[in-house]
Amino acid sequence: MRCAVIGCKSDSRVKCASEVIKFFRFPKDKTLNKVYKKKCQRSDTFETKDARICSKHFTDEDYVRQMKYELLQLPCPKNTRKLKADAVPSLNLFKPSSCLSTCNNSDARTRRQQKENTPK
Ligand SMILES: [Zn+2]
């Protein structure tokens, strides 16, 4: 499963040790659904019911506060976090003005190879 946001390389099959990436469904609310879709900046049409957006695009404020952990002053486990009903993706979104290596497919391929070759 891949993140629907253009330029985002989050993939549920690729485990990242440094951070837990969670994938969220698109909201059922039609207005919010449109906002999410726009944030993805995809030129193709896609079914939002099958699409997911990863947690990299949400700030801490976008998540429902979990009082249980706050009261105990424990870090909230990231994989149990829930998005607020009105949360909108705002981080790590593709910016056409600053076209990074994301628009260069060969670069992405090289990096993937490097990853495979790196001993664990
Ligand atoms: Zn993403």
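Might you check whether a residue that is more than 21 Å from A85 (Cα to Cα), within 13 Å of the ligand (Cβ to nearest atom) and loosely packed, with under 13 Cβ neighbours inside 10 Å occurs anywhere in the stretch 8-17?
Checked against the condition, which is being more than 21 Å from A85 (Cα to Cα), within 13 Å of the ligand (Cβ to nearest atom) and loosely packed, with under 13 Cβ neighbours inside 10 Å, the stretch 8-17 yields at least one hit.
Could you tell me how many of the residues in the stretch 76-86 are more than 14 Å from the ligand (Cβ to nearest atom) and within 21 Å of D29 (Cβ to Cβ)?
Within the stretch 76-86, residues that are more than 14 Å from the ligand (Cβ to nearest atom) and within 21 Å of D29 (Cβ to Cβ) number 5.
For residues in the stretch 39-75 being in a loop (DSSP other than H, G, I, E, B) and surrounded by 17 or more Cβ atoms within 10 Å (Cβ to Cβ), which is farthest from the ligand (Cβ to nearest atom)?
Ranking the qualifying residues of the stretch 39-75, first place goes to T48.
Only one of (1) of a type outside the set (S, T, N, Q); (2) over 17 Å from L91 (Cα atoms); (3) within 11 Å of the chain's Cα centre (by Cα) fails for P77. Which number is that?
(3)
A short reminder: the numbers here are calculations on the coordinates, not readings from a lab. Just so we're clear, the structure is a prediction, and the values are computed from it rather than from any experiment. Glycine also receives a Cβ, built like all others from the backbone with ideal geometry; neighbour counts cover every protein chain displayed.
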